[in-house]
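To start, the structure under review is shown below, and the notes come after it.
Please treat every number below as a calculation from the coordinates, not as lab data. In this text the structure is predicted, and so the values were computed from the model without any measurement. A quick note on method: Cβ atoms are made from the backbone with ideal geometry, for glycine too, and the neighbour counts reach across all protein chains shown.
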Amino acid sequence: MADLYSGTQAAALATQWRRAYSADAAAVSLSAICQWVRRGHLAPAGLDDRDRPLYALADLARAEQATRSRALRLVGIGAH
């Protein structure tokens, strides 16, 4: 299962990406990953040996970018 990440790993990656854009960006938590799934931004790409969801890197990157863009628009940064 190359390039599949647990929820905790996904949150850590998303945090790294956000901090690459802004040094004071808040961390992405596991509960945020769960919210992305509930809201349809991210879908599991598989399950681990304990039937916990795993996420593909490309899907995670798209979800992080979409939610970051939306958050910035809500505070009036980046009109697109």
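Residue by residue through the stretch 4-36, note down the ones that are touching a residue at least 40 places away in the same chain (Cβ under 8 Å), of a type in the set (Gly, Ala, Ser) and surrounded by 18 or more Cβ atoms within 10 Å (Cβ to Cβ). Residues satisfying the conditions are GLY7, ALA10, ALA14. Note on the stretch 16-42: residues that are of a type in the set (A, V, I, L, M, F, W, C) and more than 15 Å from SER6 (Cβ to Cβ) amount to 6.
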